[in-house]
Amino acid sequence: MAMDLDRMLHKCRRDQWTIADIDLSKPARAMSREDEIAIVQYFTDMAGIEMLASALFVEQKRRATDPRLIEIFESFVRDEVRHAQVAKALARHYDVHAYQAYEPNPHMQKFAPAFVDAIRHLTPEIANVYITTGEILLDVALLRSLDDFVADHACGSAMKLINRDESRHIAVDFHMVEHYSSPEYVAAQKDAPRRSLREAARAYGSLFKMLRHARPFLQAVFFEPMDLVDPTHQRLLEAFKRVQLISTKPNVARRPFVRFMLTMQPMFRHPILGALFGRWLIAIIGTDPRVLVKLYDDEDEARAQRMSFDELAEETLGLKYA
Ligand SMILES: [Fe+2]
Ligand SMILES: [Fe+2]
């Protein structure tokens, strides 16, 4: 069943909050010097990620035509700006000893504008795949693991409110995946005027630039922190498994971009092709080889086929509380 946009819009209006709602009154839990430096750095970077997310929802809003969706995306832009403010406040809260000055990661500074530019020039469908993946990985897996690791009152109270917002974001992200892969949307695209060669070149140029910055960014701001806060890699692999499962949905799997990604993955796993082109493939897909392996089994796939996009979104969020 498709999403009820009226209900979603109602939730977006109702569940707004401010930074004053988080409780920073209790002192931060005691941490080693090493942990404190790492945690303050992660919250500093999280502020940047949230601002990037807000820029992406500006783009989603620009492409939306349904007035309810426009207002929903507008509220997501506000949500993400608020999350950035909260991340900054948490960075200050855990910076108990002022061991050093903290700057947002330089790879993120390069990646963020390249990502926004790529999203602007890619087709809405591809742009949405990247946004959905980004939200699952960075917001669901990283924030959840960070919360487990910090495990104190201030962080917990902030994450609870952030998670409530993210549950709306993920639900709408999945709804958009369903929309862009629906037979109606695909059919309408066939009649739409084709992009000029120049526009297509511009889009591929921006995609290439984004992927070039994606690897060092993901390494520094996602994979390295995850090594500390999710040492068994359980959440990391679960999150990637969710991303892979969306692409097994028949309508999604038929889309050219997803088909392209899906053929890349077995190439990477192939013993000879992988050895020859591995580095090049990683550059194209823009991710870490650890997550390119198939992470789901036949039973997972069969379940995903039976579920609606709404249910898939719900289950992905359920991971946060597992
Ligand atoms: Fe967020
Ligand atoms: Fe979000």
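Contact annotation: residue pairs with Cβ atoms under 7 Å, 6 or more positions apart or on different chains, pairing a residue in the stretch 196-207 that is in a helix (DSSP H, G or I) with a partner that is open to solvent by less than 20 Å² (accessible area, probe 1.4 Å), are ALA203/LEU122; SER206/ALA118; LEU207/ALA118; LEU207/LEU122.
Listed residues ILE136, ILE126; which is within 16 Å of ligand 1 (Cβ to nearest atom), in contact with a helix residue (DSSP H, G or I) (Cβ under 6 Å, 6 or more places away or on another chain) and modelled with pLDDT under 90? Give the steps one after another, and end with the answer.
Working: ILE126 fails: within 16 Å of ligand 1 (Cβ to nearest atom).
Of ILE136, ILE126, the one residue that is within 16 Å of ligand 1 (Cβ to nearest atom), in contact with a helix residue (DSSP H, G or I) (Cβ under 6 Å, 6 or more places away or on another chain) and modelled with pLDDT under 90 is ILE136.
Here ARG198 passes the criteria (1) open to solvent by 10 Å² or more (accessible area, probe 1.4 Å); (2) within 13 Å of ligand 1 (Cβ to nearest atom); (3) over 23 Å from MET31 (Cβ atoms) except the one numbered (2).
Between ALA98, ALA114, the distinction of being assigned to a loop (DSSP other than H, G, I, E, B) and more than 12 Å from ligand 2 (Cβ to nearest atom) belongs to ALA98 only. For first residues located in the stretch 48-61 and farther than 16 Å from ALA220 by Cα and part of a helix (DSSP H, G or I), partners that are within 14 Å of ligand 1 (Cβ to nearest atom) and β-branched (Val, Ile, Thr) and lie 6+ apart or on another chain with Cβ distances below 6 Å form the pairs SER54/VAL77; SER54/VAL81; LEU56/ILE131; PHE57/VAL77; VAL58/VAL77. Scanning the stretch 213-247 for residues that are part of a helix (DSSP H, G or I) and free of Cβ contacts under 8 Å to residues at least 60 places away in the same chain yields a total of 6. Among the residues of the stretch 1-60, those that are farther than 30 Å from GLU74 by Cβ and open to solvent by 60 Å² or more (accessible area, probe 1.4 Å) comprise SER25, LYS26, PRO27, ARG29, ALA30, ARG33, GLU34. Considering only residues that are within 10 Å of ligand 2 (Cβ to nearest atom) and among the acidic types (Asp, Glu), which ones fall in the stretch 126-149? Those that are within 10 Å of ligand 2 (Cβ to nearest atom) and among the acidic types (Asp, Glu): GLU135, ASP139. Within the stretch 145-164, the residues that satisfy the criterion of being assigned to a helix (DSSP H, G or I), away from ligand 1 (no atom under 12 Å from the Cβ) and open to solvent by 30 Å² or more (accessible area, probe 1.4 Å) are ASP147, ASP148, PHE149, HIS153, LYS160.
Among the residues of the stretch 61-84, those that are hydrophobic (A, V, I, L, M, F, W, C) and either away from ligand 1 (no atom under 15 Å from the Cβ) or open to solvent by 20 Å² or more (accessible area, probe 1.4 Å) (or both) comprise ALA64, LEU69, ILE70, VAL77, VAL81.
The values are calculated or read from the model by the stated rules, or taken from the named source; none is laboratory data. Computed from a predicted model, the values in this text were never measured in an experiment. Glycine also receives a Cβ, built like all others from the backbone with ideal geometry; neighbour counts cover every protein chain displayed. The protein model used for the area step is the full one, side chains on, heavy atoms only, and it has no ligands, DNA or RNA in it. Shrake-Rupley method; radii C 1.70, N 1.55, O 1.52, S 1.80 Å.
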